[in-house]
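Beneath this line is the structure, given in structure tokens, with notes to follow.
The values are calculated or read from the model by the stated rules, or taken from the named source; none is laboratory data. Note that the structure is predicted; figures quoted are calculated from it, not measured. Cβ sites come from the backbone with ideal geometry, for glycine too, and all protein chains shown count toward neighbours.
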Amino acid sequence: MLSLPGLHSFGARGLLRGADRMLSRDLKSVRSATVSFSAFTFGLLQGRFKSQGGLTLVGLPVDLLAGAAFHAFGMFSRNYGQHLHALGDGALASFFTTTGYRVGERWGAGGSLMRGLSGMFGDVGAEPAGGASLAEQQLGRMVKAG
């Protein structure tokens with residue numbers, strides 16, 4: 001049988017390159033599906049607990065906490081790191097979409113963009129937090145004293 005040394009290795013390399021391209025495309029599809037699944041799941045949870053201002057743990061939105069946790073665990077996992085990062089990206093996407101929507105609602109309702117940003121972690125009816133609420137209290141005392 002006649003053997004051509006370059007022909008056999010070229011066929012194997014071409015086959016491996018094709019398989020690599022196909023696998024890379026499929027992994028991107030899996031990543032997109034994982035991110036979408038995670039974002040949908042956390043959006044579902046936040047919608048379910050909307051009447052309570054969203055689902056929180058130790059005062060922070062659970063999707064923000066989960067996003068940070070998935071990314072932290074992903075940094076230390078050899079086998080599942082890419083999947084954990086994808087879950088974290090979905091959780092963070094859910095948090096920032098929900099937060100952006102809430103800020104946009106406040107801004108669109110006639111408030112200022114800064115007022116909308118000051119209540120990012122609270123529900124729509126919440127008082128502003130931090131320095132803004134302190135200023136309101138001081139103004140109230142000044143009006144009563146005057």
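Among the criteria (1) at pLDDT below 90; (2) surrounded by 10 or more Cβ atoms within 10 Å (Cβ to Cβ), the one residue 51 does not fulfil is (2).
The criterion of at least 2 residues that are at pLDDT 85 or above and either out of contact with any Leu (no Cβ under 8 Å at 6 or more places or on another chain) or surrounded by 12 or more Cβ atoms within 10 Å (Cβ to Cβ) (or both) is met by the following helices (runs of 4 or more DSSP H) wholly inside the stretch 63-146: 81-108. Listed by first and then second residue, the pairs linking a residue in the stretch 31-58 that is at negative phi and free of Cβ contacts under 8 Å to residues at least 40 places away in the same chain to a residue that is among the hydrophobic types (A, V, I, L, M, F, W, C) and part of a helix (DSSP H, G or I), with Cβ atoms under 7 Å apart and 6 or more places separating them unless they lie on different chains, are 45/62; 55/45; 55/62; 56/62; 57/65.
Within the stretch 74-87, being within 16 Å of residue 35 (Cβ to Cβ) and either free of Cβ contacts under 8 Å to residues at least 24 places away in the same chain or hydroxyl-bearing (Ser, Thr, Tyr) (or both) holds for 74, 80, 81, 84, 85.
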